[in-house]
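Here's the structure, in C-alpha cells; my notes come after.
The values are calculated or read from the model by the stated rules, or taken from the named source; none is laboratory data. No experiment lies behind these values; they were computed from the predicted model shown. Neighbour counts are summed over all protein chains in view; Cβ atoms, including those assigned to glycine, are modelled from backbone coordinates with ideal geometry. Keep in mind that these areas ignore ligands, DNA and RNA; they rest on the heavy atoms of the full protein, side chains included. Shrake-Rupley method; radii C 1.70, N 1.55, O 1.52, S 1.80 Å.
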There are 2 protein chains.
Amino acid sequence: MDPYQLYYWPGLQGRGEFIRLALAEGGIDYVDVARRPEAEGGGVPSLLRVMREGASVPPLAPPILVAGELVLAQVANILLFLGRRHGLAPSDEAGLYHANQLQLTVADFVAEVHDTHHPIAMGEAYETQQVEAKRRAAYFAKDRIGKYLGYFERVLEGRDSPGGAYVFGADPSYVDTSLFQIMRGIEYAFPRAYARVEPEVPRLRALRDAIASRPRIAAYLGSPERLPFRENGIFRRYPELDEL
Amino acid sequence: MDPYQLYYWPGLQGRGEFIRLALAEGGIDYVDVARRPEAEGGGVPSLLRVMREGASVPPLAPPILVAGELVLAQVANILLFLGRRHGLAPSDEAGLYHANQLQLTVADFVAEVHDTHHPIAMGEAYETQQVEAKRRAAYFAKDRIGKYLGYFERVLEGRDSPGGAYVFGADPSYVDTSLFQIMRGIEYAFPRAYARVEPEVPRLRALRDAIASRPRIAAYLGSPERLPFRENGIFRRYPELDEL
C-alpha cells in the first residue's frame, strides 16, 4: 500500500502535530506532502488542491489524511482511524469510545488555547485583538488550565490499570501522545500559569515523560521534522498573556 | 435492556439537543434524567452525580449518555455510538468516518456560535463581555456563517447520491439532524446575517425541511420536550449582535 499522505500548513506544528506524533509512535510510514517543495508537488498549492477536489465529502480545513481512497479531515477523526487500524487505541468498544471522548476534550482545550490569542477573529492578526486577548488569557490562566489538566489528572488517577504508564494501561494510545503535546505546549505558552498547576498534576507529568522517552517519539522529537513551538501555531508564548 | 439515560442541564436545549434529535429520529427509548424532579432522582444533582462517579473514564461535561455499563460524553462521540448501533450513520467505513468528520465540523461551528456571546469567559455572564461580544459577532456574521453553511452546501452538492434528500442519500443520519438544528438555530439567533446567506444554501434548506417533516422529528418538535430557543443556550437572539 502507498504510504499515507498528510496535508497541513507548512512551517508550523499546529493541529497537524497531533497526527504526526501518533504516526511517529506507531512507526507508520507517511509523506508530509505540503512540507515538500512546490516543484515536487508540495507546498500550500498541494493542500488547497486536496481540499478542493479531494473527496466525496470534502474537508473544510487541514489536517487532512489521505489513505488510499479515503480522504479524512478533523484531528480526532483521523486519530480514530489511525488508532483502530494501527493499534494506537484500545480495541474494545468502551476503550474506543473513551479514547475518542478524551481526544475530543483535548480538542476543546486546544480551541481554547488558540482563542487566547485570537478571541475575536481567527482570520485576523493577533495585534488587532490584543486587548481582548489579554482579558481572555487572564480568564484562561485563572480558570481553564487547571480545569482541563486537573480533569486529565483525575482520569489517570481513576484508571483501571494503575500499573501502566498510560491512560489505557501498559500500551500508549493516541490519547497519550496528545496529552504529551498539550503538556509541552502549555508549558511553552503559559510558563507562569503552568507553574502554578504543575504540582497538582504528577501523573500527567509522568505520562508526558514516559511518552517523551518512547524510542520512536524520542527519535521524532530529535529530528528536523519536529518544528519548535513558536508564535505561529496553537501554543504561542506572548508574555503579556501570561501575567500573574 | 434498560432505556438509555441522557444527562444534560435542565431548562435549555444546549448541546444536549443534538443528542435528543438523533434519539427522536431513531425512535430510541431514553430517559432525560436531569429534567425529572429531584425528588425522583433527577435535577442537577443527578447530573453532578454521574459526572463524579459515573465511569472508569469520567466525563468532563454534559451531555452524557449512559448505555448499560458504558458512560459516554462529548456530543460527537455519543452520536458516533448511536449512529453505529441504531443505523443513524452509514455502515461502511468511509461513511462512518465522513459522518464523524461532518459532525466535528458542526461542533466547531457550534463552539463559534457560543463564543459570539461568550468571547472572553464562558463562566461569566454575557453582560460582562458584551463589548467584546459585539466585535466577535460582527466578524462571525461577516465571515463565519457563510463559510460554514457554504461548506455544508458544497458537501450536499457533491453527494454521491444526488437523488436522496440527505447527506448520505435516501436515509437520514445524525449529521442530518445536526444540520437541521444549526439551520434552525442560526436563523433564530442571527436572523439578519442568516437572511444574507439563505439564498446561497438551497440544498441545506431542503434538507432542513425534509428533517422537520420526518414523522418522529415532527412529533418531537411538537412535544413539550422540545424547548424553544431562548437566551440561555448556544443560539441566543441578542439583536445587538446581529446588526448589519
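Starting from the Cα of B:K142, draw a straight line to each of the lysines and keep only those under 27 Å, dropping any in the same chain fewer than 8 residues away. Here the lysines satisfying the reach criterion relative to B:K142 are A:K134, B:K134.
Taking both sides together, what accessible area is buried at the A/B interface, probe 1.4 Å, expressed in Å² and rounded to the nearest 100?
Approximately 4600 Å² gets buried when A meets B.
Placing R0 at 25 angstrom, the Cβ-Cβ distance between A:D2 and A:R52 gives a FRET efficiency of 0.75 after rounding to 0.05. Each 20 Å bin, from zero up to the one with the longest distance, holds this percent of the alpha carbon pairs of the protein assembly as shown: 23, 61, 16, 0. Computed over chain B, the per-residue total of -39500 (n - 2.57) for DSSP H runs of n ≥ 4 gives a 222 nm mean residue ellipticity of -16000 deg cm²/dmol, rounded to 500.
Nothing charged except the Cβ atoms of Lys and Arg (+1) and of Asp and Glu (-1): what's the magnitude of the dipole of chain B about its Cα centre? Round to the nearest 20 debye.
340
With a simple spin-label model that places each label point 7 Å from the Cα along the Cα-to-Cβ direction, the separation between B:A61 and B:T128 comes to 1.6 nm. Per-atom-type breakdown for the range B:25-109 gives carbon and sulfur 48% of the accessible area (1.4 Å probe, protein chains only). Using DSSP to define loop residues, name the GluC sites (Glu not before Pro) in the range B:1-88 whose beta-carbon has at most 13 other beta-carbon atoms within 10 Å. Sites meeting the loop and neighbour criteria: B:E69. Between the amide H of A:Y4 and those of A:V31, distances stay under 5 Å, these residues lying 5 or more places away or on another chain, with hydrogens modeled in the peptide plane.
Given Cα pairs under 8 Å that are at least 6 residues apart, what percent is the relative contact order of chain A?
In percent, rounded to a whole number, it is 21.
Note on B:70-77: average number of Cβ atoms from other chains within 10 Å of each residue's Cβ is 6.
Here r is the Cβ-Cβ distance between B:R36 and A:D29 and R0 is 41 Å; the resulting FRET efficiency, rounded to 0.05, is 0.20. Mean-square fluctuations from a GNM of chain B, with a 10 angstrom spring cutoff on Cα atoms, peak among B:A137, B:A39, B:A61 at B:A39. Return the single residue from B:P191, B:P215, B:P62 with maximal mean-square fluctuation; model: Gaussian network over chain B, springs between Cα atoms under 10 Å. For chain B, modelled as a Gaussian network with Cα springs under 10 Å, the answer is B:P215. With the label put 7 angstrom out from Cα along the Cα-to-Cβ vector, A:A170 ends up 5.1 nm from the copy partners, going from closest to farthest. Phi angles of the range B:224-239 translate, via the Karplus equation with coefficients 6.51, -1.76, 1.60 and θ = phi - 60°, into HN-Hα couplings of x, 5, 7, 6, x, 4, 6, 7, 9, x, 6, 9, 10, 9, 10, x Hz per residue; Gly and Pro are given as x. Normalised by the number of residues in the range B:4-86, the average gap of Cα pairs under 8 Å and 6 or more apart makes the relative contact order 33 percent. Using a cutoff of 8 angstrom between alpha carbon atoms and counting only pairs six or more residues apart, the relative contact order for the range A:108-205 works out to 23 percent. The separation of the range A:91-150 from the range B:170-235, counted between C-alpha centres, amounts to 27 Å. For chain A, DSSP calls about 75 percent of its internal beta bridges antiparallel. Per residue, chain B exposes an accessible area of 40 Å² to a 1.4 Å probe, with every protein chain left in place. Per-peptide packing, taken as the mean over residues of other Cβ atoms within 10 Å, places B:148-158, A:119-129, A:74-84 in the sequence A:74-84, B:148-158, A:119-129 from highest down. Enclosing the Cα atoms of the range A:1-107 in their convex hull gives a volume equal to 104 cubic angstrom per residue.
Taking label points 7 Å from Cα along the Cα-to-Cβ direction, A:L70 and A:V44 give a separation of 3.1 nm.
Among rounded, prolate and oblate, which fits chain B when a ≥ b ≥ c are the square roots of the eigenvalues of its C-alpha gyration tensor, a/c under 1.5 means rounded, and a/b larger than b/c means prolate? Verdict is oblate for chain B.
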